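Participant: Pasting a structure below so you can have a look.
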Amino acid sequence: MRVVVDLSRCQGYAQCAFLAPDTFRMHGEEALMYNPNPDDGQREQVLRAAAACPLQAILVEQLEGRDAPVGTSQS
Amino acid sequence: MTSADTLKGFKRDGRVVIVGASLAGLRAAEALRDEGFTGSLTMIGDELGEPYDRPPLSKQVLTGWVPAGGTTLPRRRDINAEWLLGVPADGLDLATNHVHLADGREVPFDRVLISTGVRARPWFVETEAALDGVFVVRTREHADGLQRALASGPSRVLVIGAGFTGSEIASICRERDIPVTVAELAPAPLVGALGAVIGDVAADMQRAHGVDLRCGVKVTQLEGDAQGRFHRAHFDDGSTIDADVAVVALGGIRNTEWLRDSGLAAGPWGIACDTGCRALDLNGLITDDIFVAGDVARCPNPIYEYRLISLEHWVNAVEQAQVAAHNMVSAQADRWPHLSIPTFWSIQFGVNIKSVGVPTFADEVVVTQGSVPDRRFVAAYGYQGRVTAAVSFNNAKWLDHYRQLIETAAPFPPPCPTPDEPVDAKPVPVDFPGPRLLAQGATVVVTGHDPGERRVTAAWQHR
């Protein structure tokens, strides 16, 4: 699955790191590091983290089937 | 046919081409479909693969946590586009409305969005740049190559350039316990973007983490061994350093060469446009059907005396894409101006660095909150007595407050009655050559919150 965090919005509340620690980690006191391509098994946790973000800064892929460039690989 | 009918017809079955299939291009495509554009949409990109996110390349990817291929951007919706990838555009014909591709194909359009971004500035000697072990970091391939080189345990890494990317890479080398030397021409890291006060903090931070930081020096030569592997760098003070890896982090070059004969106001500075993301031609006239977004756009900002400013910022790409897409399918009276205050972030040495506004647009700077030695503070920037920017180190929750101060042209130094106000908060000269042509008298303020409501009103400057 695909995730992107708008780090300009992120204010380091760390709700995501608490709810989905395999995908979101705090780096130092308030900087967030995240895995933009977590396993699908993480989906439930990641969605919960996205919902809990006070800044709504986490965007999770909203499509299952998407149009993709022909002849190129998808991750 | 009225212009409303024409617009309706365009929204229904017009042809939009987006040149540059990265963050801005993808977000614009999504926004176009959100706005009800049902015509044909073509995405042109010089790299293969779906649009991906770049900030993680110099962070998560180089630590080895995330593979370089794992930063494909999530989609907010289906965009039903035709993708022409792996081939760069090499011309734009405004007389016939065609994009020329390098492989000879021609793509017709009714409206085009240019979001071709920037590429990494390569090392200036081609044979030296080609040495095994010399890297730049801009694309997935670059990040993948450098990650492998770091994983193989180099004896030392040389980072050339201590801007944000160079500093982030130095930080990761230390995290991975790799000896690293940083060479910077300026007196301190980050000086070009944030000035001397923050530059000194950044220098202390690097040295405290064991970076061999060398400022005020220029790398003159990258030397290879008999196998063509980089192994030594020469400095202009006569000294040398041995290293296995050199990372050239000297900023970017805007991808505008393909527009050379287009008649657009495009050059090394970017592509000039209005706040509605409509491109200017060489005469400074607004074009109707050519839009620009992202790193390559050079957009006037009313808050900063209407100067044309290019920003290589993630949020700027997202916001301009949104505005450009909206304006592409809207009548003149419904168009939005892009009036947001720039924001930027960097993560290095465990510190969250964020900025709001344009720190280079300043003559003074003052630490308004927190403590510099603790690396937990906010510094406000001012120009001629008004607040123009702020930078936070591990204090990002406050930046929204400073954004409002900037938008309302609040007086500088700003009153900041917070418990963590430093006792000796005194403004000092910011150490870059401030804006030279000084506008007298009037400035402006931004009003409204919704993108459709945001407008600028003229106001008189505090003196």
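Participant: Below 8 Å, C-alpha to C-alpha, sequence gap of six or more: please give me the relative contact order for the stretch B:201-314 in percent.
Facilitator: Computed value for the stretch B:201-314: 13 percent relative contact order.
Participant: Find the relative contact order for chain B and round it to a whole percent, using C-alpha pairs within less than 8 Å whose residues are 6+ positions apart. Please report the intermediate quantities before stating the final value.
Facilitator: Values: 1076 pairs, mean separation 59.2, N = 463.
Rounded, it is 13 percent for chain B.
Participant: What are the equivalent ellipsoid semi-axes of chain B, built from the alpha-carbon gyration tensor (square roots of five times its eigenvalues), in whole angstrom, biggest first?
Facilitator: Ellipsoid semi-axes (Å, largest first): 37, 31, 19.
Participant: Sorted from fewest to most neighbouring beta carbons within 10 Å, what does the list A:Met33, A:Met26, B:Met43 look like?
Facilitator: In order of increasing Cβ crowding within 10 Å: A:Met26, A:Met33, B:Met43.
Participant: Over the Cα atoms of the stretch B:38-96, compute the convex hull volume and normalise it per residue, giving Å³.
Facilitator: Spread over its residues, the Cα hull of the stretch B:38-96 gives 123 Å³ apiece.
Participant: May I ask you to evaluate 6.51 cos²θ - 1.76 cosθ + 1.60, the Karplus curve with θ = phi - 60°, for each residue of the stretch B:282-293 and list the ³J(HN,Hα) values in order in whole Hz, giving x for glycine and proline?
Facilitator: For the stretch B:282-293, the Karplus curve yields 4, 7, x, 8, 6, 8, 8, 10, 10, 10, 9, 8 Hz.
Participant: Right, next: Along the principal axes of its C-alpha atoms, what lengths does the stretch A:1-55 span, in descending order and rounded to whole Å?
Facilitator: For the stretch A:1-55, the Cα extents along the three principal axes come out at 28, 18, 18 Å.
Participant: Where does each of B:14-22, B:202-210 land if you order them by average Cβ count within 10 Å, highest first?
Facilitator: B:14-22, B:202-210
Participant: Using just the C-alpha positions of the stretch B:44-203 as equal point scatterers, what log10 of I(q)/I(0) does the Debye formula give at each q in 0.08, 0.17, 0.18 1/Å?
Facilitator: Log10 I(q)/I(0), no solvent term: -0.33, -1.09, -1.15.
Participant: Give the average over all directions of the projected area of the C-alpha convex hull of the stretch B:232-340, one decimal, in nm².
Facilitator: Quarter of the Cα hull surface area: 10.2 nm².
Participant: Something else: Write down the radius of gyration of the stretch B:1-137 and its Dmax, each obtained from C-alpha positions, in Å.
Facilitator: In Å, with Rg to one decimal and Dmax whole: 18.1, 62.
Participant: Please compute, for peptide B:63-72, the average count of beta-carbon atoms on other protein chains lying within 10 Å of each residue's beta-carbon.
Facilitator: 4
Participant: Follow-up. Rounded to the nearest 20 debye, what is the charge dipole size of the stretch B:134-290 about its Cα centre when +1 sits on each Lys and Arg Cβ and -1 on each Asp and Glu Cβ?
Facilitator: 300
Participant: Have a look at the stretch B:330-374 and give its Rg and Dmax from the Cα atoms, expressed in angstrom.
Facilitator: In Å, with Rg to one decimal and Dmax whole: 16.8, 53.
Participant: When the label point is put 7 Å from the Cα of B:Leu185 along its Cα-to-beta-carbon vector, which residues of the stretch B:118-154 have a backbone N closer than 15 Å?
Facilitator: B:121-125
Participant: Please average, across the residues of B:84-96, the number of beta carbons from any other chain that are within 10 Å of each residue's own beta carbon, and give a whole number.
Facilitator: Mean shielding by partner chains, rounded to a whole number: 1.
Participant: Each residue of the stretch B:308-318 in turn: what ³J(HN,Hα) in whole Hz from Karplus with 6.51, -1.76, 1.60 and θ = phi - 60°, glycine and Pro shown as x?
Facilitator: Ordered by residue, 3J(HN,Hα) equals 7, 10, 9, 10, 9, 10, 4, 5, 4, 4, 5 Hz.
Participant: Run the Debye formula on the Cα coordinates of the protein assembly as shown, all scatterers equal and no solvent, and tell me log10 I(q)/I(0) at q = 0.05 1/Å.
Facilitator: Log10 I(q)/I(0), no solvent term: -0.20.
Participant: Need the C-alpha centroid separation for the stretch B:124-144 versus the stretch B:1-75, integer Å.
Facilitator: Rounded to whole Å, the Cα centres lie 27 Å apart.
Participant: Using Cα pairs under 8 angstrom and six or more residues apart, how large is the relative contact order of the stretch B:294-433, in percent?
Facilitator: 19
Participant: A further question on this structure: Which value in Å does the Kirkwood hydrodynamic radius of the stretch B:137-197 take, with 1/r averaged over all unlike C-alpha pairs and then inverted?
Facilitator: One decimal place: 12.3 Å for the Kirkwood radius.
Participant: I need the per residue convex hull volume for the stretch B:278-397, using only the alpha carbons, in cubic angstrom as a whole number.
Facilitator: Enclosed volume per residue, from the Cα hull, is 127 Å³.
Participant: I'd like the Kirkwood hydrodynamic radius of the stretch B:160-265, using the inverse of the mean 1/r over distinct C-alpha pairs, in Å.
Facilitator: Hydrodynamic radius (Kirkwood, Cα pairs) of the stretch B:160-265 is 15.2 Å.
Participant: How big is the stretch B:73-167 by Rg and Dmax over its Cα atoms, in Å?
Facilitator: 18.8, 56
Participant: List the chymotrypsin sites (Phe, Trp or Tyr not before Pro) within the stretch B:84-165 that fall in a DSSP loop (any state other than H, G, I, E or B) and whose Cβ has at most 16 other Cβ atoms within 10 Å.
Facilitator: Within the stretch B:84-165, the qualifying chymotrypsin sites (Phe, Trp or Tyr not before Pro) (loop, at most 16 other Cβ atoms within 10 Å) are B:Phe124.
Participant: How far, in nm, would the chain grow between B:Phe235 and B:Ala129 when pulled straight, counting 0.36 nm per residue and subtracting the alpha carbon separation?
Facilitator: So the chain would gain 36.6 nm between B:Phe235 and B:Ala129.
Participant: Once every DSSP H run of n ≥ 4 in chain B is given -39500 (n - 2.57) and the sum is divided by its residues, what mean residue ellipticity at 222 nm do you get, rounded to the nearest 500 deg cm²/dmol?
Facilitator: Details: 9 runs with 97 residues, N = 463.
That comes out to -6500 deg cm²/dmol.
Participant: Let me ask something additional. Taking θ = phi - 60°, what integer Hz values does the Karplus form 6.51 cos²θ - 1.76 cosθ + 1.60 yield along the stretch B:319-325, in sequence order, with x for Gly and Pro?
Facilitator: Computed from phi, the couplings for the stretch B:319-325 are 6, 5, 4, 4, 5, 4, 4 Hz.
The numbers here are math on the coordinates, done by the rules we state, and not lab data. All of these numbers come straight from a predicted model, not from anything done at the bench. Glycine gets a Cβ as well: all are built from the backbone with ideal geometry, and neighbour counts include every protein chain shown.
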